[in-house]
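Here the structure comes first, spelled out in structure tokens, and everything after it is commentary.
The values are calculated or read from the model by the stated rules, or taken from the named source; none is laboratory data. None of the values given here were measured: they were computed from a predicted structure. All Cβ positions, even for glycine, are placed from backbone atoms using ideal geometry, and neighbour counts span all protein chains on display.
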Amino acid sequence: MSNEHIIVGLEIGTSQICCVVGDLRSDGTIRIIGVGTAPSRGVRKGEIVDFETAGTCIREALVDAEEKSDVMIGAVYLGVSGAHIESFNNRGAINIPEQRDEIREEDFEDVQASAREVSIPSGNSLLHSILQHYYVDGQDGVLNPVGLLGRKLEADFHIIHGVTYRIQNSIRCVKEVGPEVLEVVFNPVASAQVVLDQNQKSLGALVVDIGGGTTDFIVYVDGVLKQSGCLPIGGDHITNDISLGLRIPMARAEKLKIGEGSAIVGASAPGDMIVLKDETGFAGREIEREMLNTIVHCRVREIFELLKRRLDAAGNVSYLAAGIMLTGGGSQIPGIAQLAEEIFAMPAQLTFAHAVSGATSAFENPRYSTAIGLIKYAAALQPERPKSLFSRVLRKLSFLWSWIF
């Protein structure tokens, strides 16, 4: 198959490596033609901790995707996560040169550069600067300032940055396996591309992507990205709690979490027991269902309460009329949307990737939202790829990164 219109999204998760191959059609639609996965090892809380082991897992996922899609993968769009990634909002401003009074295309680049001239830790680099609003001579509500007359152009941007070398570790691990990394994208930025529509963004919505080791989130208010971040806690922590609390192996705890557990307490009948059958190395036993649910409930509640504090601090909770969209592998726990509604006092629903076609089992599985979102994100950048933000950052930091490439 020709690779001319092929886009590949790669997510290195704590529990699973996911590689999705998409075909960008001439009408702008995306068709998923292959999904490759592999259990993730050498990754902790979304970050590489064992270079060689993680590389082996990435290779397995890539080979799986190549076999299923009949595509040789030479380049990927890479999703990254980790608690080191932070964000904030900032305004850039420039004065239009005195010899003219009409705003031009190049003024946008200048105002974006102005917004990026902020103090971030010396060891960090910018991942994204995403436009929120324009202002011309103080006038707000400007959709496109090019061609307007004015003396001052201002623009608000959502700035996302992370620790350079921790991002480099993911890039190097992929490149060691073979593919080129075309672009690096913060995971929730990608997920939002396929789990939210424009109406939800306009109403105000929160996307919560619960992975194995992290919970990524992103907030849209009035159609623009207002807040994003990552909590270093996810589905694997729930599994670990079950394993310790019930004294059972991690593998059995994972099955219990998804197959039998619930984030809601008090709903099971008194004395309701779950029978665990004998297996090699494990003597069967009975588990009280309410005990299992209590363990799941406590950890999920902790995740949501930590997230709510972050949103409350930024003052965004009151502007989420569309409610909460839960996605990611950890979102599949029964009762999790009900608990989210209780804590945030707003509607919540489990969601997955929309606006794509192809392998139904892929886009209807919330585990794949980020990887599919990477393809949608990349498709939007195709006409402007040479100008992409992270490409400019890489060139700017080439003296640091030359040994990677």
Examine the stretch 294-315 for a residue that is surrounded by 15 or more Cβ atoms within 10 Å (Cβ to Cβ) and among the aromatic types (F, W, Y), and state whether such a residue exists. yes
Pairs only if they're at least six apart or on different chains, beta carbon under 8 angstrom, first in the stretch 236-254 and without any contact (Cβ under 8 Å) to a residue 12 or more places away in the chain, second surrounded by fewer than 19 Cβ atoms within 10 Å (Cβ to Cβ) and of a type in the set (A, V, I, L, M); list them, first residue then second. S243/M250
Looking only at residues in the stretch 97-129 that are of a type outside the set (A, V, I, L, M, F, W, C) and in a helix (DSSP H, G or I), which one is surrounded by the most Cβ atoms within 10 Å (Cβ to Cβ)? D107
Would you pick out the residues in the stretch 1-29 that are surrounded by 24 or more Cβ atoms within 10 Å (Cβ to Cβ) and part of a strand (DSSP E or B)? V8, G9, L10, E11, I12, I17, C18, C19, V20, V21, G22
Considering only residues that are surrounded by fewer than 17 Cβ atoms within 10 Å (Cβ to Cβ) and not small (G, A, S), look in the stretch 234-259 and name the one that is farthest from V275 (Cα to Cα). N240
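Could you check the stretch 99-143 and list, in sequence order, the residues that are farther than 30 Å from N169 by Cβ and among the charged types (D, E, K, R)?
R100, D101, E102, R104, E105, E106, D107, E109, D110, D137, D140 - these are the residues of the stretch 99-143 that are farther than 30 Å from N169 by Cβ and among the charged types (D, E, K, R).
Residue-wise test of (1) at pLDDT below 95; (2) crowded, with 20+ Cβ neighbours inside 10 Å; (3) part of a strand (DSSP E or B); (4) over 16 Å from the mean Cα position of the chain (by Cα).
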site	(1), (2), (3), (4)
G162	no, yes, yes, no
I167	no, yes, no, no
S170	no, yes, no, no
V174	no, yes, no, yes
V184	no, yes, yes, no
V189	no, yes, no, no
A192	no, yes, no, no
N199	no, no, no, yes
Looking at the stretch 201-216, which of the residues that are of a type in the set (S, T, Y) and surrounded by 24 or more Cβ atoms within 10 Å (Cβ to Cβ) is nearest to S40 (Cα to Cα)? T214
Strands (runs of 3 or more DSSP E) enclosed by the stretch 225-329 - at least 1 residues per element that are under 19 Å from V207 (Cα atoms) and not hydroxyl-bearing (S, T, Y): 323-327
Being hydrophobic (A, V, I, L, M, F, W, C) and in contact with a helix residue (DSSP H, G or I) (Cβ under 6 Å, 6 or more places away or on another chain) is the filter here; which residues of the stretch 112-145 pass it? L126
Hey, G245 in contact with a helix residue (DSSP H, G or I) (Cβ under 6 Å, 6 or more places away or on another chain) and closer than 21 Å to F352 by Cα or not: no
Inside the stretch 272-295, the number of residues satisfying the requirement of being in contact with a helix residue (DSSP H, G or I) (Cβ under 9 Å, 6 or more places away or on another chain) and among the small types (G, A, S) is 0
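Looking at this structure, is V219 surrounded by 18 or more Cβ atoms within 10 Å (Cβ to Cβ), part of a strand (DSSP E or B) and of a type in the set (A, V, I, L, M)?
yes
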Scope the stretch 70-88; condition outside any loop (DSSP other than H, G, I, E, B) and not small (G, A, S); matching residues: V76, Y77, L78, V80, E86, F88
